[in-house]
Amino acid sequence: MAILQDGVICIRFLLLRLKRRSKKKCDCRLYKLLDAMAKPPSDILSGNIYWTGGYEECVAVEGTVYVNITSDTGPQYQIHARQCLGSLQLGKLEIYLGFCIPRRCSVEDANRLVNTAFSVFSNTLRINGMVCPEVETEYDTKAIVSLLICSIVGLMMVIGTGYDVIIVRRKDVEGNKVSSSVHTKVDDTGDSLNESTSLLNKTKTIKVKENDQGTIAKVLMSFSVMSNGERILSTAQAQGSLTALNGMRFLSITWVILGHCFMFALTSPTINPLRYADKVYHLWTFQAIVNALVSVDTFFTMSGLLLAYLFMKDIKKNGKMNWPLFYFHRFWRLTPIYMLVLMIDANLTKYMGGDGGPVWPKDGIDSNCEKWWWTNLLYINNLFSVEKMCMGWSWYLSNDMQFFVISPLLLVPLYRKKFAGLVVCVVALFASLLTTGILSTYNKWIVTALLPGASIDETNSYDEEYYGKPWCRISPYIIGIMTGFALQECDCKFKINKWLNLLCWLVAAGVACSILYGLYGAMTGSTISVPVASFYNTVSRAAWGACVCWVIFACATGNGGFVNTLLSWKAFVPLSRLSYAAYLVHLVFITVIVSTAQYPTYTTIINQVVFFLGILVLTFLASFVVSLAFESPMMGLEKVVFPRKR
């Protein structure tokens, strides 16, 4: 009977029978339901296809109405409305419409009743894929476990900080020789987006006091907010660090965030997506944002370079490499914070929607994580379909880990026989380039996934078979390895004639600019032939890696001039330490904010700049917290488990 009543009320609202047959005034709640429903807006030709209606107005409707639509007597119905979104196909145009219906109506009822209402006007108009997004309010088991884990970490931070302040620092002030290893040391600069430690975890002493604390005390100190905060915010660096990498790492992660912020404006509900896209794509300056994809190749290059640089330094000093520790350190350095952020992303983001919105995903922003999270743990998610990816942006981490796993095949020959090692690196580089060229020509890949006018099949092929595959992306990593080896061999001392130095800078700048801005014609409507597209896909990333390597090499050897001064600015040091956490969390922020929008926005370059600056600040603030809670404690615990001799 309740279902029948629900259906009657739904039909009553959806067919807009708002006036009762009695002489009394119409219930204003029914007017609000009507007002909250979708209506044809302007700018349809500019891509305004999200007719969401008034989400907040709809969900605020609640009260009592009468089941008998002819009078105000008889059975009453307690109404609480919700908004549902369905798609309507009009030729080649798919429009998304918002409908305000009683909450007790199921999604199937809503879809059926809406189509019943549409049949009054046309037999061809049908609503498909009706969804009724709502923010979860009751925590499920996974959410409770996730909150419990976060609470335990928070408790350890409180206890560790208390121990640090009350015991360690108090005794330190009183003159006792007590100081934690975490408190007295700062890590070397390491490799990749994320590395701030060398392969063998070497450190630079900041204070001279030693620590004879027990294991439990060291574990507690690993969670100290005071000590970890000092380490993160310190501008001190180890002797021989490649200081220019700090600025390069921060500027590159900023570039990644900038690109994602602007690209979301092209895919999220906006009033003017077509007009906005046409405008910005015709700005040659915007090509640096469209092609921000090469910023990832900067990280691949830095990762390979620092790996080779630190590997050669460590193995020369120690005479051998502890291979189990070589791999364990890398896995432990990346994985705990990665898995904890994934846990929050998969289990808790669905509760972060606030009041929700018409496009809010009820199952969270990463529903794939429930089934496919293990591919992230094993760093193989880039080998699966994009549709199965959990934390889709983590494809980079899988590639970087896979490159690290096979890196000894290049590093060991370089150490044992320099010339033979270089030959192995060159062969591996050309093998990657040849594979990319053949596959690009055979599959007719486009030059970028953001190419205007590209078909869905072309974009999917590019994303699935090229963009995240290691055999197509390893070339800048190999070039980085060879450059890191060269820096170690010359001990970062290589004098270059000033005119030759200037020529190298001009060539590097010219090549980099051609990669960034060379697609302007394709972005504005020109056709690129398959051979040209294959050539670009094959050499662009390796060439970009070579340009990045020149900048690092020149800065490290004293040939960088003001570029080295800028990139080595000490303010970049703490920011660069947060780059890994920033990479992990920034898209969580962007997706949650975009998904909670209750109305399509009118996009302009200015409001996108403001959006980017807000996301950048939020990202680094959150990264600092995440690093304090998840990253720094894990590094401290590793030192407890594997203590090093000073």
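The values are calculated or read from the model by the stated rules, or taken from the named source; none is laboratory data. From a predicted model like this one, the values you see are computed outputs, not experimental measurements. Positions of Cβ are generated from backbone atoms using ideal geometry, with glycine treated the same way; all protein chains shown enter the neighbour counts. SASA here: full protein model, heavy atoms, side chains in, ligands and nucleic acids out. Shrake-Rupley method; radii C 1.70, N 1.55, O 1.52, S 1.80 Å.
Scanning the stretch 627-646 for residues that are among the hydrophobic types (A, V, I, L, M, F, W, C), in contact with a helix residue (DSSP H, G or I) (Cβ under 6 Å, 6 or more places away or on another chain) and open to solvent by less than 20 Å² (accessible area, probe 1.4 Å) yields Leu628, Ala629, Phe630.
Picking from residues in the stretch 361-380 that are modelled with pLDDT under 85 and over 15 Å from Ser394 (Cβ atoms), the one that is surrounded by the most Cβ atoms within 10 Å (Cβ to Cβ) is Gly364. Residues satisfying the criterion are present in the stretch 240-253 (criterion: modelled with pLDDT under 90, over 25 Å from the mean Cα position of the chain (by Cα) and either farther than 29 Å from Ser394 by Cα or open to solvent by 20 Å² or more (accessible area, probe 1.4 Å) (or both)).
Taking the stretch 485-505 as the range and being in contact (Cβ under 8 Å) with a residue 60 or more places away in the chain, out of contact with any Phe, Trp or Tyr (no Cβ under 8 Å at 6 or more places or on another chain) and of a type outside the set (A, V, I, L, M, F, W, C) as the test, the residues that pass are Glu489, Lys493, Lys495. For the stretch 369-379: of the residues being in contact with a helix residue (DSSP H, G or I) (Cβ under 6 Å, 6 or more places away or on another chain) and without any contact (Cβ under 8 Å) to a residue 24 or more places away in the chain, which is farthest from Asp140 (Cα to Cα)? Among those that are in contact with a helix residue (DSSP H, G or I) (Cβ under 6 Å, 6 or more places away or on another chain) and without any contact (Cβ under 8 Å) to a residue 24 or more places away in the chain, it is Tyr379.
This table checks each residue for (1) in a helix (DSSP H, G or I); (2) under 26 Å from Ser407 (Cα atoms); (3) without any contact (Cβ under 8 Å) to a residue 24 or more places away in the chain.
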site	(1), (2), (3)
Val280	yes, no, no
Ser295	yes, yes, no
Thr298	yes, yes, no
Gly304	yes, yes, no
Phe311	yes, yes, no
Lys320	no, yes, yes
Leu325	yes, yes, no
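Determine, yes or no, whether Phe553 is on the phi < 0 side of the Ramachandran plot, over 26 Å from the mean Cα position of the chain (by Cα) and surrounded by 22 or more Cβ atoms within 10 Å (Cβ to Cβ). Here the answer is yes, as Phe553 does meet what is asked.
In the stretch 313-341, what residues are crowded, with 21+ Cβ neighbours inside 10 Å and either out of contact with any helix residue (DSSP H, G or I) (no Cβ under 9 Å at 6 or more places or on another chain) or among the hydrophobic types (A, V, I, L, M, F, W, C) (or both)?
Within the stretch 313-341, Leu334, Ile337, Val341 meet the criteria.
Okay, residues lined up against (1) β-branched (Val, Ile, Thr); (2) at pLDDT 95 or above; (3) within 24 Å of Val294 (Cβ to Cβ); (4) surrounded by fewer than 21 Cβ atoms within 10 Å (Cβ to Cβ):
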residue: Ala449; (1), (2), (3), (4): no, no, yes, yes
residue: Gly453; (1), (2), (3), (4): no, no, yes, yes
residue: Asp463; (1), (2), (3), (4): no, no, yes, yes
residue: Ser475; (1), (2), (3), (4): no, yes, yes, no
residue: Asp491; (1), (2), (3), (4): no, no, no, yes
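So that you can scan it fast, the table gives a plain yes or no per residue for (1) modelled with pLDDT under 80; (2) outside any helix (DSSP H, G or I); (3) open to solvent by 80 Å² or more (accessible area, probe 1.4 Å):
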{"site": "Asn115", "(1), (2), (3)": "no, no, no"}
{"site": "Ser122", "(1), (2), (3)": "yes, yes, no"}
{"site": "Glu136", "(1), (2), (3)": "yes, yes, no"}
{"site": "Ile144", "(1), (2), (3)": "no, no, yes"}
{"site": "Cys150", "(1), (2), (3)": "no, no, no"}
{"site": "Leu155", "(1), (2), (3)": "no, no, yes"}
{"site": "Thr161", "(1), (2), (3)": "no, no, no"}
{"site": "Ser179", "(1), (2), (3)": "yes, yes, no"}
{"site": "Val182", "(1), (2), (3)": "yes, no, no"}
